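Derivation of every value follows stated rules applied to the coordinates shown; laboratory data play no part. These numbers were taken from a predicted model, which means no experiment stands behind them. When we count neighbours, we look across all protein chains shown, and the Cβ atoms used for this are built from the backbone with ideal geometry, even at glycine.
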Amino acid sequence: MAKVKTTWFCQNCGTQHSKWQGQCLTCKEWNTLVEEVVQKEVKKSWESAVEEVPLSRKRAPQSQLISQINAAESPRMDTTNAEFNRVLGGGLVPGSITLLGGEPGIGKSTLLLQVCLNLPYKTLYVSGEESAQQIKMRADRIKKDAVNCYILTETKTQNIFRQITEVQPDVLIIDSIQTLQTDHIESSPGSVSQIRECTSELIKFAKETNTPVLLIGHITKDGNIAGPKILEHMVDTVLQFEGDRNHTYRILRALKNRFGSTHEIGIYEMLAHGLREVVNPSEILISQRGATLSGTAIAATMEGMRPLMIEVQALVSTAVYGTPQRSATGYNLKRLNMILAVLEKRAGFKLGQKDVFLNITGGITVDDPAIDLAVVAAILSSNFDIELSSQHCFSAEVGLGGEIRPVSRMEQRVNEVAKLGFEKVFIAPGKQSFKNIGTEIQAFSKIEDLVRYLFA
């Protein structure tokens, strides 16, 4: 046995240091170095756990002329989940590594187990957090007649690879990467070195056997995936599963995708029997378009490449205390303060001594500047206590000069508005022309003109 030595790893960026020091030299964070025991020996591949290695896997890669490389796209594996396929770019790519992160209890394990149960391929679901009985109870709620799914409760990678050689799965799912450990490193599970080494073994396995691997990763309190940042650089795709646990809707978005676009999102609804795919995202608001109240406006936004109708709620009231409150849920608070300043400076509304509360319904977070006009309309509607029609929709950006600015992909937004049966849509003037949409278009260049039209 080789000599055992200790090294110091930064828990923030994963940089290795020979001795302890107060500040990491790479990321400049303080008090992040943790001592870990490292086994100084020759690194073994994932195949060391297997007695016989196929000759096809021992073949060394050779250099090729770029003109001789086949550029045809490799066939993707259909997950039978339309929203999941959309975010991945069409399905699972053979040999790819996908990392799924999200807050505790948001539904990461439920999503991948549901995908696993519906896959038409032989799948191995490895769990280091739950027992087989717990997974079985959850699987019965989702789908009872699954025949291609194998369950393994194990944390040591060597034992996992032995099971892989016996089962020969087409897809591998790991829940979660922070629970795995390898014999090649003598540190505890979840440490920087363990996460990096286990991920490296899984990547080698995926690339050499052309098997797609799906990893579940926990996140920190800051919203970043726990472990070294290099983990996100090593994998091919990084997915973020987000939403409010108090609401039923969940959003799956791609933060990194080597095989597709990062603009696509998937929307799910959490139900008792699993996650339901929301094919038409605007249905989140359609059921709430009955009675109208003051301070409510509907905006046409874009989540990824999909148009989405969202409801913006605002409440303006007289400040009880000396300092007025500003609160925003699902919207950037700094942008709300900017819009309030524009309304006071450019439009003459005295909102400096009033409390303003803003909420985006559905428990989703929106950063599209196109909802600025809906925010303005909702705030003024609550301030005047005048209801806005539920058949009106807003989609434009508001500038610091009080001007209403156009936004991108306006044609898609207007077509979605027309499809849902809205009577009017308020936008910024532009060069685009809309024909035969059945919805009246009102274009304004200044906030004052819009206010005069809505509240005069």
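Taking a ≥ b ≥ c as the square roots of the Cα gyration tensor eigenvalues, with a/c under 1.5 meaning rounded and otherwise prolate when a/b beats b/c, else oblate, which class fits the stretch 171-320? Working shown, then result.
Numbers: a/c = 2.84, a/b = 2.11, b/c = 1.34.
Verdict is prolate for the stretch 171-320.
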When the charge dipole of the chain is computed with +1 on Lys and Arg Cβ and -1 on Asp and Glu Cβ about the Cα centre, the Cα farthest towards its positive end, among Cys24, Phe455, Pro406, belongs to Cys24
For the pair Arg162/Thr26, report the inter-label distance in nm, with labels modelled 7 Å from Cα in the Cβ direction. 3.4
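Given charges of +1 on the Cβ of Lys and Arg and -1 on the Cβ of Asp and Glu, with all other atoms neutral, how large is the dipole of the stretch 283-455 about its Cα centre, in debye to the nearest 20?
Details: 18 positive and 18 negative charges, 68 e Å.
Charge dipole, the stretch 283-455, about its Cα centre: 320 debye, nearest 20.
In what sequence, highest mean first, do 126-134, 367-375 appear when ranked by Cβ atoms within 10 angstrom?
Working: 126-134: 15.9, 367-375: 22.9.
Packing order, densest peptide first, comes out as 367-375, 126-134.
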In what sequence, highest mean first, do 268-275, 201-208 appear when ranked by Cβ atoms within 10 angstrom? 201-208, 268-275
Work out, in µm²/s and without decimals, the Stokes-Einstein translational diffusion coefficient of the chain at 37 °C, 0.692 mPa s, Rh from Kirkwood over C-alpha pairs. 131
Toward the positive end of the charge dipole of the chain, about the Cα centre and with charges on Cβ (Lys, Arg +1; Asp, Glu -1), which of Ile219, Thr248, Cys13 goes farthest? Cys13
So for the stretch 77-277, averaging the separation of alpha carbon pairs under 8 Å that are six or more residues apart and normalising by length, what relative contact order in percent results? 30
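Treat the stretch 283-455 as a sphere of radius equal to its Kirkwood radius over Cα pairs and apply Stokes-Einstein at 37 °C in a medium of 0.692 mPa s; give the translational diffusion coefficient in µm²/s, rounded to a whole number. Walk me through the intermediate numbers first.
Values: Rh = 16.0 Å.
Answer, rounded: 205 µm²/s.
Treat the count of other C-beta atoms within 10 Å as a stand-in for reagent exposure and order Trp20, Trp8 from fewest to most.
Details: Trp20 10, Trp8 17.
Fewest-to-most ranking of Trp20, Trp8: Trp20, Trp8.
Set the Förster radius R0 to 25 Å, insert the Cβ-Cβ distance between His247 and Glu387 as r into 1/(1 + (r/R0)^6), and round the FRET efficiency to 0.05. Write down the numbers at each step before the final one.
Values: r = 25 Å, r/R0 = 1.00.
So the FRET efficiency works out to roughly 0.50.
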The stretch 338-365 to the stretch 84-120: how many Å between their Cα centroids? 38
Please give the charge dipole size of the chain, origin at the Cα centre, charges +1 on K and R Cβ atoms and -1 on D and E Cβ atoms. Round to the nearest 20 debye. 680
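Using only DSSP helix segments of four residues or longer, with each worth -39500 (n - 2.57), what per-residue ellipticity at 222 nm results for the chain after dividing by its residue count and rounding to 500? Walk me through the intermediate numbers first.
Numbers: 11 runs with 112 residues, N = 456.
Result for the chain: -7500 deg cm²/dmol, rounded to the nearest 500.
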Just the isolated ones, please: cysteines in the chain lacking another cysteine beta carbon under 4.7 angstrom. Cys116, Cys149, Cys198, Cys393
From the Cα centre of the stretch 176-208 to that of the stretch 381-420, the distance in Å is 49
Sort 293-299, 214-220 by packing, meaning the average of other beta carbons within 10 Å per residue, with the highest value first. 293-299, 214-220
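Antiparallel versus total DSSP beta bridges in the stretch 364-449: what percent is that, nearest 5?
Values: 3 of 10 bridges.
Taking every DSSP beta bridge within the stretch 364-449, about 30 percent pair in antiparallel fashion.
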